[in-house]
């Protein structure tokens, strides 16, 4: 088994697509439904297939974010990513090292519906050496 994607329900599909395109996602396709709802499949450049699905249900009432913590994205080099996102009109937070100088460098971004996105630059070989011993 493997996880295939994360799906977000969005209130304004055009606004959300503009945001996620600026973040670096490209659109793979749209699945329209007779009731006016639609699914839009997105992926990042380094991904082989869909990784994020935007769900737009205009008749479904307000979008509520309950219990979802965040989406984490490996961005490679965080500094240049923050510059690119700021130039594209997005508002990422500052770079931080919450785990100390030997851990990842992160910044946070909030999408138009309030979903939190963690942008992560991993130290060299950090993920390859991560194990269950690193958790308590």
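The values are calculated or read from the model by the stated rules, or taken from the named source; none is laboratory data. Bear in mind the structure is a predicted one, so any value in this text is a computation, not a measurement. Cβ placement follows ideal geometry from the backbone for every residue including glycine, while neighbour counts extend to all protein chains displayed.
Being at pLDDT below 95 and under 18 Å from residue 10 (Cβ atoms) is the filter here, so list the residues in the range 72-88 that pass it.
none
Residue by residue through the range 28-42, note down the ones that are surrounded by fewer than 14 Cβ atoms within 10 Å (Cβ to Cβ), touching a helix residue (DSSP H, G or I) at 6+ places or on another chain (Cβ under 8 Å) and either in a strand (DSSP E or B) or without any contact (Cβ under 8 Å) to a residue 24 or more places away in the chain (or both).
36 - this is the single residue of the range 28-42 that is surrounded by fewer than 14 Cβ atoms within 10 Å (Cβ to Cβ), touching a helix residue (DSSP H, G or I) at 6+ places or on another chain (Cβ under 8 Å) and either in a strand (DSSP E or B) or without any contact (Cβ under 8 Å) to a residue 24 or more places away in the chain (or both).
Residues being in a helix (DSSP H, G or I), over 18 Å from residue 30 (Cα atoms) and either without any contact (Cβ under 8 Å) to a residue 24 or more places away in the chain or under 17 Å from the mean Cα position of the chain (by Cα) (or both): count how many of those fall in the range 52-78.
1
Take residue 91 and decide whether it is in contact with a strand residue (DSSP E or B) (Cβ under 8 Å, 6 or more places away or on another chain), modelled with pLDDT of 90 or more, surrounded by fewer than 13 Cβ atoms within 10 Å (Cβ to Cβ) and more than 23 Å from residue 27 (Cβ to Cβ). Steps first, please.
Details: in contact with a strand residue (DSSP E or B) (Cβ under 8 Å, 6 or more places away or on another chain): yes; modelled with pLDDT of 90 or more: yes; surrounded by fewer than 13 Cβ atoms within 10 Å (Cβ to Cβ): yes; more than 23 Å from residue 27 (Cβ to Cβ): no.
Answer is no for this residue.
Answer yes if at least one residue in the range 115-122 is over 17 Å from residue 12 (Cβ atoms), assigned to a loop (DSSP other than H, G, I, E, B) and under 18 Å from the mean Cα position of the chain (by Cα), and no otherwise.
yes
Could you tell me which of the residues 23, 54, 17 is touching a helix residue (DSSP H, G or I) at 6+ places or on another chain (Cβ under 6 Å), crowded, with 17+ Cβ neighbours inside 10 Å and not assigned by TED's automatic domain parsing to the domain that holds residue 92?
The unique qualifying residue is 54.
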